[in-house]
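The values are calculated or read from the model by the stated rules, or taken from the named source; none is laboratory data. Values in this document were obtained by computation on a predicted structure and should not be read as measured data. Every residue, glycine as well, gets a Cβ built from its backbone with ideal geometry; the counts of neighbours run over all protein chains shown. We work out accessible area using only protein heavy atoms, side chains counted, and drop any ligands, DNA or RNA first. Shrake-Rupley method; radii C 1.70, N 1.55, O 1.52, S 1.80 Å.
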Amino acid sequence: MSEQPSVNHEPVHVDVSYDKSETSLKPAVVGGIVVIALCLLASGIAWLTLDGFEAGAARRDSGLSQLARQERPQLPRGIDQIPSPRLEVNETLTLKAQRDSEDRLKEYGWNDAKKGTVYIPIAEAMRLLADPETAKAKGIRVETPKGGAK
């Protein structure tokens, strides 16, 4: 394998050669431009589609009423109108209050004294409704021991 000097004094191997006409950047550049153009086209189509959806939603939604727009707090001026979050300060007190309200349901008391409605313990209500005569008087269908309905 001998190397022969070329005209520009570079060594040339006899067995190695290539065709310079096949090496061109033109297809790569054109392909890149086509990809960029397709991306821009897709972005434009997506933008127009979303803009159309937004316009359609605006036509269907009447928005806030005049009164609601006036009373709605405008930030940052209306920050004082927005209530602060209600955090649980003491878990023990909150749990005690919840249990006390549930314990009151186990006792007798007035639900609405003006209407004459009371609340009674669940166990007592079940006992009363288990009595066929009381249940029938309240309009509840009662099964007889024979299995038939009255």
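What to note about this one:
- Prolate/oblate/rounded call for region 25-150, Cα gyration tensor, a/c under 1.5 rounded: prolate
- Mean shadow area of region 65-129, taken as a quarter of the surface of its Cα convex hull (nm²): 9.4
- Only lysine pairs 8 or more places apart or on separate chains count here, and in region 12-146 those with Cα atoms under 30 Å apart total 12.
- Backbone geometry of region 76-91 corresponds, through the Karplus equation with coefficients 6.51, -1.76 and 1.60 at θ = phi - 60°, to 3J(HN,Hα) couplings of x, 5, x, 4, 6, 7, 7, x, 6, x, 8, 9, 7, 7, 10, 5 Hz, x marking Gly and Pro.
- Per residue, region 12-132 exposes 94 Å² of solvent-accessible protein surface, assessed with a 1.4 angstrom probe and all protein chains in place.
- Fully extended contour minus Cα-Cα distance, from GLU88 to ALA46, at 0.36 nm per residue: 10.5 nm
- With the simple spin-label model, which puts each label point 7 Å out from Cα in the Cβ direction, the TYR119 to VAL35 separation comes to 7.0 nm.
- Where labels lie 7 Å past Cα in the beta-carbon direction, separation of ALA97 and ALA28 in nm: 7.3
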